[in-house]
Amino acid sequence: MAKKDNLTEALKKHFGFGTFKGNQRAIIENVLAGNDTFVLMPTGGGKSLCYQLPSLMMQGTAIVISPLIALMKNQVDAMRNFSEEDGVAHFINSSLNKSAIDQVKDDIRSGRTKLLYVAPESLTKEENVEFLRQVNISFYAVDEAHCISEWGHDFRPEYRRIRPIINEIGKRPLIALTATATPKVQHDIQKNLGMIDASVFKSSFNRSNLYYEIRPKTANIDREIIKYIKSNEGKSGIIYCLSRKKVEEFADILKANGIKALPYHAGMDSQQRSSNQDAFLMEKADVIVATIAFGMGIDKPDVRYVIHYDIPKSLEGYYQETGRAGRDGGEGQCIAFYAYKDLQKLEKFMQGKPVAEQEIGKQLLLETAAYAETSVCRRKVLLHYFGEEYLEDNCGNCDNCLNPKKKVEAKELLSAV
Ligand code: ADP
Ligand code: MG
């Protein structure tokens, strides 16, 4: 039974949920107490609520820094659905015209607005800094905080300007949130945001409902994937390819084979892209063939498989991309195709880049290769990468545990003597 206290009541009142998930309660209490807070929680764990609920319970407006316009829009729409009050959540970004911005500012001044979402590009604009200096700010939330780190899977240089800008606008408590838990990224974030002393809340990153498998990539790969999709008819799946060209090509191949598939990559015009995304969300398409541009913030709970046509550039990216399967807790199959020559290709792509970046890129690739080639439990290796120890000997849900490669144990050698 949930405790009947103020927090639980507020949760019920504002969001209609009966209980907190994971360590949401402890996190929210820490934010309400005015402390700096660092949250490491896997995708789907419920990070948004950790700043949304306190913002509604505190005086002033919480400034939420979030990397993508699409993400902001989804979140603001969701908040507005929850709330009866107008203007409880707003965003400022380049898509708004002058009169829309004036409306937002009026709502903030009136105290109605509890959450203001901004992209770092907008936050650093002089006119916005000027405006925010006059606003009563409850706290700052930095969502997708791994964007700060070059070791993260989605580095954005603008994210490094957040701390100086916050100092200019006015210091308030900070909550940083990410689903990227490698120790390097964690350290970068805390250092860059000046929150080394923050209380850290780290949840387990194990997704026990996800099945992990690596398959050798052969000339037969297209047929293999088609067969897989057909044996999973009616289920939703994502296929990640490294290049836009491959995305287009493979989506066409699937279509030619009678599969309802659509492409998605950042080179498509934005209307086509969002219409393909919607078609996938509304289940008019079963399969989306995409580059990694697809997925951040997309909450389709019943994706049943994620296939990597090419080996990803980092284990972190792999974890995030596979994490889009089985968000409802149901089955999620994660199959990646691996060929050593793909690694070489990736390494070659990096050659034009600055040396430091190449070094990071190579290190990340090596870690991915080690994962692909291991005969150890995949879950154990993945979690170890996130600084987490997985204690079971057999996870029962990866290729290496279900079909152990024949190993000659020292014991067997001895007994043979
Ligand atoms: P994250 O940002 O960690 O990936 P979200 O904040 O998008 O996760 O939340 C994932 C889903 O969990 C959302 O659909 C959200 O409404 C739901 N959720 C969050 N907290 C709770 C809760 N306490 N009870 C039930 N559902 C929750
Ligand atoms: Mg989130």
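Derivation of every value follows stated rules applied to the coordinates shown; laboratory data play no part. Everything quoted here is computed from the prediction, not taken from an experiment. Note: ideal-geometry Cβ built from the backbone for every residue, glycine included; neighbour counts use all protein chains shown.
Run the simple label-point estimate for GLU373 and PHE349 please: 7 Å along Cα→C-beta, distance reported in nm.
Spacing of the two 7 Å Cα→Cβ label points: 2.0 nm.
Which parts of the range 359-392 would a label at LEU402 reach, counting a residue when its backbone N lies under 14 Å from a point 7 Å out along Cα-to-Cβ?
In the range 359-392, the label zone of LEU402 (backbone N under 14 Å from the point 7 Å along Cα→Cβ) covers 378-379.
Give me the net charge for the shell around ASP197: Cβ to Cβ below 15 angstrom, other residues only, Lys and Arg +1, Asp and Glu -1. Walk me through the intermediate numbers first.
Numbers: positive: ARG163, LYS171, LYS191; negative: ASP36.
Taking every Cβ under 15 Å from that of ASP197, the sum is +2.
Of VAL303, TYR385, LEU364, which is farthest towards the positive pole of the range 264-417's charge dipole, taken about the Cα centre with +1 and -1 on the beta-carbons of Lys, Arg and Asp, Glu respectively?
LEU364
Of MET72, ASN93, SER138, which is farthest on the positive side of the dipole of the range 64-158, counting Cα position, with +1 on Lys and Arg Cβ, -1 on Asp and Glu Cβ, and the Cα centre as origin?
Positive-end residue among those listed: SER138.
In nm, what is the difference between 0.36 nm times the number of residues separating GLU168 and ASP299 and their Cα-Cα distance? If you can, show how the numbers build up before the last one.
Working: separation 131, 0.36 × 131 = 47.16 nm, distance 3.45 nm.
Full extension of this stretch gives 43.7 nm more.
Restricting to Cα pairs below 8 Å that are 6+ residues apart, what does the relative contact order work out to for the chain? Please round to a whole percent. Don't skip to the answer; put the middle values down first.
Working: 674 pairs, mean separation 61.5, N = 417.
Once normalised by length, the contact order is 15 percent.
What GluC sites (Glu not before Pro) in the range 138-235 are in a loop by DSSP, with at most 12 other Cβ atoms within 10 Å of the Cβ?
Hits after loop and neighbour filter: GLU233.
Based on the alpha-carbon gyration tensor of the chain, what equivalent-ellipsoid semi-axes (square roots of 5 times the eigenvalues) come out, in whole Å, largest first? Intermediate results must be reported in sequence, preceding the final value.
Details: eigenvalues 296, 126, 96 Å².
So the three semi-axes of the chain are 38, 25, 22 Å.
What distance in nm lies between label points placed 7 Å from Cα along the C-beta direction at ASP197 and GLU248?
Once both label points are built, they end up 5.5 nm from each other.
Which order do VAL64, VAL129 fall in if you start with the one that has the fewest other Cβ atoms within 10 Å?
Lowest count first: VAL129, VAL64.
In degrees from 0 to 90, rounded to the nearest 10, what is the angle of the helix 355-373 Cα long axis to the longest principal axis of the chain?
Tilt of helix 355-373: around 50 degrees.
I want the local charge near ARG223. Using Cβ-Cβ distances under 14 Å, sum +1 for each Lys or Arg and -1 for each Asp or Glu among the other residues.
+2
Between LYS235 and ASP328, with labels modelled 7 Å along Cα→Cβ, what's the label distance in nm to one decimal, could you check?
According to this spin-label approximation, the distance is 1.3 nm.
Highest mean first, how do 398-404, 160-166 rank when packing is the count of other Cβ atoms within 10 Å averaged over residues? All intermediate terms of the calculation are to be shown ahead of the outcome.
Numbers: 398-404: 15.9, 160-166: 17.9.
Descending packing order for the listed peptides: 160-166, 398-404.
If you fit an axis through the alpha-carbon atoms of helix 6-15 and take the longest principal axis of the Cα set of the chain, what angle between them do you get, 0 to 90°, nearest 10?
80 degrees
Give me the angle, in degrees from 0 to 90, between the Cα long axis of helix 69-82 and the longest principal axis of the Cα atoms of the chain, rounded to the nearest 10.
60 degrees
Using the crude model of +1 on Lys and Arg Cβ and -1 on Asp and Glu Cβ, and no other charge, please compute the dipole size for the chain relative to its Cα centre, in debye to 20. Show your work: numbers first, answer last.
On the way: 56 positive and 54 negative charges, 77 e Å.
Roughly 360 debye, rounded to the nearest 20.
Taking neighbour Cβ counts within 10 Å as the exposure measure, how do TYR211, TYR338 sort from fewest upward?
Arranged by neighbour count, lowest to highest, TYR211, TYR338 become TYR338, TYR211.
By the gyration tensor of its Cα atoms, with a ≥ b ≥ c the square roots of the eigenvalues, what is the shape of the range 8-75: rounded for a/c under 1.5, prolate for a/b over b/c, or oblate?
Because its axes are fairly even, with a/c under 1.5, the range 8-75 counts as rounded.
Convex hull over the alpha-carbon atoms of the range 297-393: what's its volume per residue in Å³?
Output value, Cα hull per residue: 121 Å³.
Between TYR212, PRO404, LEU254, whose Cα lies farthest towards the positive end of the dipole of the chain when Lys and Arg beta carbons carry +1 and Asp and Glu beta carbons carry -1, centred on the Cα centre?
Farthest towards the positive end: PRO404.
Counting other C-beta atoms within 10 Å, which of THR43, THR19 has the fewest, and how do the rest follow? Could the numbers behind the result be given before it?
Values: THR43 20, THR19 12.
Starting with the residue having the fewest Cβ neighbours, the order is THR19, THR43.
Kindly provide the helix-only [θ] at 222 nm of the chain, computed as the sum of -39,500 (n - 2.57) over DSSP H runs of four or more divided by all residues, to the nearest 500 deg cm²/dmol? Can you show the working numbers first?
Working: 18 runs with 176 residues, N = 417.
Value at 222 nm, helices only, nearest 500: -12500 deg cm²/dmol.
Assigning unit charges at the beta carbon (Lys, Arg +1; Asp, Glu -1) and nothing else, what dipole magnitude in debye, to the nearest 20, does the range 108-223 show about its Cα centre?
Roughly 280 debye for the range 108-223.
Between the range 220-245 and the range 79-105, what is the separation of their alpha carbon centroids in Å?
40 Å
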